[in-house]
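Please read the structure below before turning to the comments.
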Amino acid sequence: MFNHKKNNTMSVSAHTANINTLIGEGCQIKGDVSAKNSIKVEGHIQGNLSIDGSVIIGEKGVVQGDVRCADLIVFGRLEGNINAHQLQLKQTAQTQGNIEVQTLQIDPGAVYQGTILMKAHAGSSINPSKPPLDNEVA
């Protein structure tokens, strides 16, 4: 009963098996990067990322620019705004910028500065309503 771990998070190893592009340690890119598949960053990118698939920023990876992708896992450093469907900030993550995401997981030790906007899932029937003031009749 106590030995079962609930694993409802994205598997890092499952995503690394689908990586099509690797920006290796020691590699520096200045300029925007776009791709249809997934990418792992162990080097340094100074520019925006627009990736249709997943992005993994490794522990030694640094991205200075906005990131727009389906799924993002951050182990390293990201200085820029994030727009993703699913985001994981791992224990070693350091992020600075605003986050717009549907699903968010922040591990203990992860550091982020900025605002977070949680988007409703497609098909969701969330209908925010303003509560009545004390002098209003509901």
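What does the highest-first list of 56-63, 108-115 look like by mean Cβ count within 10 Å? All intermediate terms of the calculation are to be shown ahead of the outcome.
Details: 56-63: 21.2, 108-115: 12.1.
Highest to lowest by the protection proxy: 56-63, 108-115.
Go through 32-43, 85-96, 69-80 and give me the packing order, highest mean Cβ count within 10 Å leading.
Details: 32-43: 17.5, 85-96: 19.1, 69-80: 21.4.
Listed from highest to lowest mean packing, they are 69-80, 85-96, 32-43.
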Send over a whole-number figure in Å² for the accessible area per residue of the range 33-112, probe 1.4 Å. 41
Descending semi-axes in whole angstrom, ellipsoid equivalent of the range 32-95, from the Cα gyration tensor: 15, 12, 10
A chain fully extended from Leu104 to Gln91 at 0.36 nm per residue, minus the present Cα-Cα distance, gains in nm 3.3 nm
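Using 1/(1 + (r/R0)^6) with R0 = 22 angstrom and r between the beta carbons of Asn37 and Ile116, what's the FRET efficiency to the nearest 0.05?
Details: r = 27 Å, r/R0 = 1.23.
Once rounded, the FRET efficiency stands at 0.20.
The values are calculated or read from the model by the stated rules, or taken from the named source; none is laboratory data. Everything numeric in this text was worked out from a predicted model, so none of it was measured. Cβ coordinates were reconstructed from backbone atoms using ideal geometry, including for glycine residues, and neighbour counts include every protein chain displayed. Areas reflect the complete protein model, heavy atoms only, side chains present, ligands, DNA and RNA absent. Shrake-Rupley method; radii C 1.70, N 1.55, O 1.52, S 1.80 Å.
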